[in-house]
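Trainee: Below you'll find the structure I mean.
Values quoted throughout were computed directly from the atomic coordinates according to the rules given, and no laboratory measurement underlies them. Small disclaimer: the values here were computed from a predicted structure and weren't measured.
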Amino acid sequence: MLPWEVIALASLPAVARAFIAGQTVGGVTFSGRVTTYLAVATVALIVAVEMDVFTPVRMSHSFAVFFVTVATMAAAGVWAVARYAADTLLGTGYLLDGRSEHVVETALMWDFVAATIAGVLAGLLFEYYFRRRARGRRRVDVEVSGA
């Protein structure tokens, strides 16, 4: 079973998307872009936590941040390629929906920026989780040894 903190974090993007998407603050309309990539980053975070907690694999703090960030960015890249392939091969309108090439490219680059930010945030949360878990492990070791 995953730790409760990770499960709470995994549910956060779905809740945020339900309440934030479409809201306007100061003339800026929130899209589901950041919450979508937070969900992707959460999946990468869950994989990293699963590997650290339930396997002999141990990640350093900096590698865990890097792993979650790169996994999120890679998922964004795969999703962009899948949308383009669907547009060209199946005639859908995910990216190529009549907008100019410049607008499509700008939107795609903002998707990558959102994925990078979400990956870094999830990676930093994972580092915090590492530190908290390490402090708890030291406390349990001290209590068991009787010191």
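Trainee: Can you run phi through the Karplus equation (6.51, -1.76, 1.60; θ = phi - 60°) for the stretch 87-104 and list ³J(HN,Hα) in whole Hz, with x for Gly and Pro?
Mentor: Once rounded to whole Hz, the list reads 5, 7, 8, 10, x, 6, x, 5, 9, 8, 10, x, 6, 5, 4, 5, 5, 5.
Trainee: Any chance you could check the Cα centroid distance between the stretch 31-62 and the stretch 65-121 for me, in angstrom?
Mentor: So the separation of the two Cα centres works out to 19 Å.
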